[in-house]
1. Ignoring the sites themselves, what is the longest stretch of the chain with no GluC sites (Glu not before Pro) in a DSSP loop and at most 13 other beta-carbon atoms within 10 Å?
2. Along the charge dipole of the chain, Cβ charges K/R +1 and D/E -1, which of LEU397, GLN536, HIS182 sits furthest on the positive end?
3. Got a sec to turn the phi values of the range 154-167 into Karplus ³J(HN,Hα) couplings, 6.51 cos²θ - 1.76 cosθ + 1.60 with θ = phi - 60°, whole Hz, x for Gly and Pro?
4. Tell me, which longest segment in the chain has none of the trypsin sites (Lys or Arg not before Pro) that fall in DSSP loops with at most 14 further Cβ atoms within 10 Å?
5. Only residues of the range 211-237 count here: report those whose backbone N is under 18 Å from the spot 7 Å along Cα→Cβ of LEU204, or say none.
6. Arranged by the count of other C-beta atoms within 10 angstrom, fewest first, what order do CYS521, CYS221 take?
7. Given Cα pairs under 8 Å that are at least 6 residues apart, what percent is the relative contact order of the chain?
8. What does the convex hull of the alpha-carbon atoms of the range 253-311 project to on average, in nm²?
Amino acid sequence: MNMQDTAMPAEAPAWRLFVPKSITVLREGYGARGFRDDAVAGLTVAIVALPLAMALAIASGATPDKGLLTAVIAGFLISALGGSRFQIGGPTGAFVVVVFNIIHVHGYDGLILATLMAGLMLLVAGWARFGDWIKYIPDPVVTGFTSGIAVIIFSSQIGELLGLSLATTPADFLAKWAAFWHARGTFSPWAVGLGFSSLALIILLRRFAPRLPAFLIAVICASLVVYLFHLPVETIGSRFGGISASLPAPQWPEITLPRMVELLPGAFTIAFLAGVESLLSAMVADSMTGRRHRSNCELVAQGTANIASALFGGMPATGAIARTATNIRSGARSPISGMLHAIFILLFVLFLSPLAAFIPLTSLAAILVMVAWNMSEIDKFRGLMRSPPGDRMVLLLTFGLTVLADLTLAIETGVVLAAILFMHRMSQLDTADSGVALWEHDRDDFIHRRENGVYQRPSLPQGIELLRLRGPLFFGNASRLGDNLDAMAGRWPEVLILGLRDVPMIDATGVGALEQFLHRCHIHGVRVIVTGIQPQPRQVLKQMEIGAASSPLQFADDLETALKLAGDEGFA
């Protein structure tokens with residue numbers, strides 16, 4: 001596990017927090033082998049992103065060329081200026097709802113201005129070092145609005161998937177389904193057959209040939225069928241007249257104070273989603289590679305990319321988790337892969353865009369159905385439904401408000417409710433100092449500090465480490481659990497004893513951090529034994545089924561029992 005991208009030391013100059021990882025890579029030395037690996041990864045991601053960018057643009061109420069333009073402009077800048085080595089940027093499913101609503105109410109010019117404002121907000125957030133605040137967004141809130149967006153995306157594609165004839169598609173969720181029902185008699189058997197065949201092909205390819213670009217293959221096959229058999233279904237050409245084979249010149253939108261005021265809520269939502277999703281994506285990349293991203297640098301890159309996208313007439317953009325993971329699995333070594341991904345999409349726009357006119361809209365709808373399924377995070381949603389009642393309430397309320405009301409309202413309500421819930425839990429604790437989230441290793445005399453920040457008992461058998469935490473493990477400090485594990489990188493123990501005697505409470509986000517902690521230990525062959533766990537954390541871990549076969553967990557009442565458990569495995 002490579003841990004070269006460590007956090008900046010406290011005494012480092014502030015400007016180093018904003019140095020793009022592309023500069024870091026070049027300073028370290030970048031050769032032909034790295035470029036070759038990045039080119040292969042960039043081409044792979046471009047093949048995945050190409051149909052997805054067009055599908056997301058259409059679902060957002062824009063034209064397909066806007067999605068491609070965003071993938072080129074914003075995708076290049078996010079990789080070039082960002083604080084993550086592997087981040088892939090572009091349009092994502094998270095924006096579909098807010099973009100559709102802004103275009104529906106304010107027109108596309110309104111979206112351009114809102115995206116420009118959101119970019120400026122992200123720049124300010126990065127410069128103000130708000131990047132670390134991602135840890136204060138609880139898991140139930142993130143999962144609730146992500147799953148809600150997935151439901152809305154799925155709903156938005158029913159008309160295309162069934163080939164329904166609708167004069168207008170309402171933005172409201174319930175009104176949308178009512179309109180689908182009233183138009184049920186206009187469905188097209190050709191669109192239904194082609195759409196569900198594309199969906200089946202995507203599922204089969206992902207199941208039996210996961211390395212193949214399922215989205216692109218499905219779109220190509222559907223387009224060939226439409227072209228060869230002249231099927232009467234809507235295509236990009238019939239609805240949008242094709243895609244322009246050039247890039248527009250940048251231009252400023254019309255800016256007036258009243259216009260900015262009415263677009264402020266939408267701009268804030270775009271900025272929030274772009275910031276949260278980009279940092280979540282960077283965190284996923286860190287967990288997959290062992291690197292460390294620069295969160296504030298990433299926000300500045302996101303702001304710059306969204307401003308540039310707006311000036312070129314594009315859409316909002318952020319880091320895309322699935323495309324970033326694909327980039328890593330394809331062997332990417334640096335941000336150059338993300339920059340090349342944008343260049344490959346640009347080459348398609350310049351030389352092959354006339355072919356896009358034959359793409360049937362129902363096949364793009366099939367792609368977005370898969371995107372919605374992936375965004376829904378069914379397993380995580382089910383897991384959170386086993387969390388304490390308060391976390392379940394936050395999850396369901398955020399989900400319900402996202403689907404039925406407003407995304408901004410859902411996020412605000414979820415975060416406020418989570419904060420109130422946390423204060424209530426703290427008031428129920430008996431320990432006088434339990435409200436202080438003080439994390440430390442064992443304070444007893446037999447613990448001492450090592451150079452890398454890890455504490456160890458001198459008389460412990462070789463291969464056993466002891467880590468003791470103090471204070472509640474909740475959404476505000478859960479990320480620090482992984483920081484403690486980072487300090488052990490390169491010298492992994494065979495057994496890690498995790499003392500939770502002084503942890504009176506754990507919430508759903510804390511459980512998620514603990515589960516990731518256990519998974520990383522399992523990857524490195526580290527057995528974990530938990531000692532002194534209190535009733536509330538034990539009950540929560542039991543409800544959420546933590547300690548499964550994929551990351552086994554053992555419990556002991558005290559340190560002596562834990563050492564005996566470790567000794568039974570050959571450490572006596």
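Read-outs: derived from the displayed coordinates by stated rules, not from any lab. Keep in mind that this is a model prediction, so the values were computed, not measured. FYI the Cβ positions are ideal-geometry reconstructions off the backbone, even for glycines, and counts take in every protein chain you see.
1. The longest uninterrupted stretch comes out as 12-253.
2. Of LEU397, GLN536, HIS182, it is HIS182.
3. 4, 4, 5, 9, 4, x, 5, 5, 9, x, 6, 9, 10, 5
4. Counting only loop sites that pass the neighbour cut-off, the longest clear stretch is 212-442.
5. In the range 211-237, the label zone of LEU204 (backbone N under 18 Å from the point 7 Å along Cα→Cβ) covers 211-226.
6. If I rank by nearby Cβ atoms, fewest first, I get CYS221, CYS521.
7. After rounding, I find 23 percent.
8. It is 4.5 nm².
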